Amino acid sequence: PNGSIIILHPCAHNPTGADLSFDEWKQLCTVIAEKGHLPFFDAAYQGFATGDLIRDRFALEYFASQGIELMLSQSYAKNMGLYGERTGALSVIVSDKSIVDRVLTQLKQVIRPMYSSPPAHGARIAATILNNRVLFDKWNGELKVMSGRILEMRTALKLALQKLQTPGSWDFLEKQIGMFSYTGLTGPEVDFIQEKYHIYMMRNGRISMAGLTTSTVDYLAGAMHDAVLNAPKGHL
């Protein structure tokens, strides 16, 4: 219905790895504006899509430039390696300054019974990096390296499957982006791989590309090849 809250990943979509193009984001923004929806952006993987923090925030900047009110949940757990700290921030963009105090009051009422005062350690680490140009540039460079390695693993897995002549097209592995990928494997194929090769993944076929290495990609490709050919058929 009109006026709904729509949860969106601005980049490196989890779990599909299928991000919208810039044109598709613009089309979606038009629809959201027409229907009066409130977009809630869950930005957990900024920098892990293209390796470019600016490019990965395109959707946020475009929606804001169109006067769309929105909420942004931003996490540094993954892209700063602060997973145990659960460091992040909630930002709210409104079109009328007169309601800022009311929004802040409502947020404080939600926060108070949940945690009242968040742990400071992770937040101070993030703030130090974000406010120091040398550290920020180093962090940005490391993000480029990490995102580049993930892209290399996508290509390596695709090529390994093609080399084995595994049935089907595997080009989508390179078209997807970010840490995660839907492989298209069925439930029985996932079970087959787990039981025979002791490789564990979600039963819907989702895998973490970040968990692959140059020394394990061929083993995974061989397991997937075997499963596609020999696992029981079906989707249960």
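FYI, it's all coordinate maths here, none of it is from the lab. Every value quoted in this text rests on a predicted model; they were computed, and no experiment measured them. So basically every Cβ, Gly included, is an ideal-geometry build from the backbone, and we count neighbours across all protein chains shown.
Side notes on the structure shown:
- Cross-link pairs beyond the 24 Å C-alpha cut-off, checked among 78/175; 35/78; 26/175; 78/144: 35/78
- Of the chymotrypsin sites (Phe, Trp or Tyr not before Pro) found in the range 25-124, the ones in coil according to DSSP and having at most 14 other Cβ atoms within 10 Å of their Cβ are 83, 115.
- Identified option (computed volume of the Cα convex hull per residue in Å³; candidates [x] 132; [y] 140; [z] 171): [z]
- With eigenvalues of the C-alpha gyration tensor scaled by 5 and rooted, the range 191-236, Å: 19, 13, 8
- Neighbourhood net charge (11 Å Cβ-Cβ; Lys/Arg +1, Asp/Glu -1) for residue 210: +3
- Cα shape, the range 8-128, gyration tensor, a/c 1.5 rule: oblate
- Entry note, the chain: the mean residue ellipticity at 222 nm calculated from DSSP H runs of n ≥ 4, each adding -39500 (n - 2.57), is -14500 deg cm²/dmol after division by the residues and rounding to the nearest 500.
- Looking at the range 1-110, the DSSP beta bridges with both ends there are about 45 percent antiparallel.
- Of the chymotrypsin sites (Phe, Trp or Tyr not before Pro) found in the range 176-236, those in coil by DSSP whose Cβ has at most 16 other Cβ atoms within 10 Å are 200.
- Look at the dipole of the chain built from charges on Cβ: of 3, 178, 89, the Cα furthest out on the positive end belongs to 89.
- Global form of the range 37-108, assessed from the alpha-carbon gyration tensor, a/c cut-off 1.5: oblate
- Electrostatic tally near residue 122: other residues with Cβ closer than 12 Å to its Cβ, Lys and Arg +1, Asp and Glu -1, net +1.
- For the peptides 119-127, 100-108, residues were scored by their other Cβ atoms within 10 Å and the scores averaged per peptide; the highest-first order is 119-127, 100-108.
- Among the trypsin sites (Lys or Arg not before Pro) in the range 150-236, those placed in a DSSP loop whose Cβ has at most 16 other Cβ atoms within 10 Å are 203, 233.
- Rounded Å value of the spacing that divides the Cα centres of the range 1-58 and the range 198-236: 29
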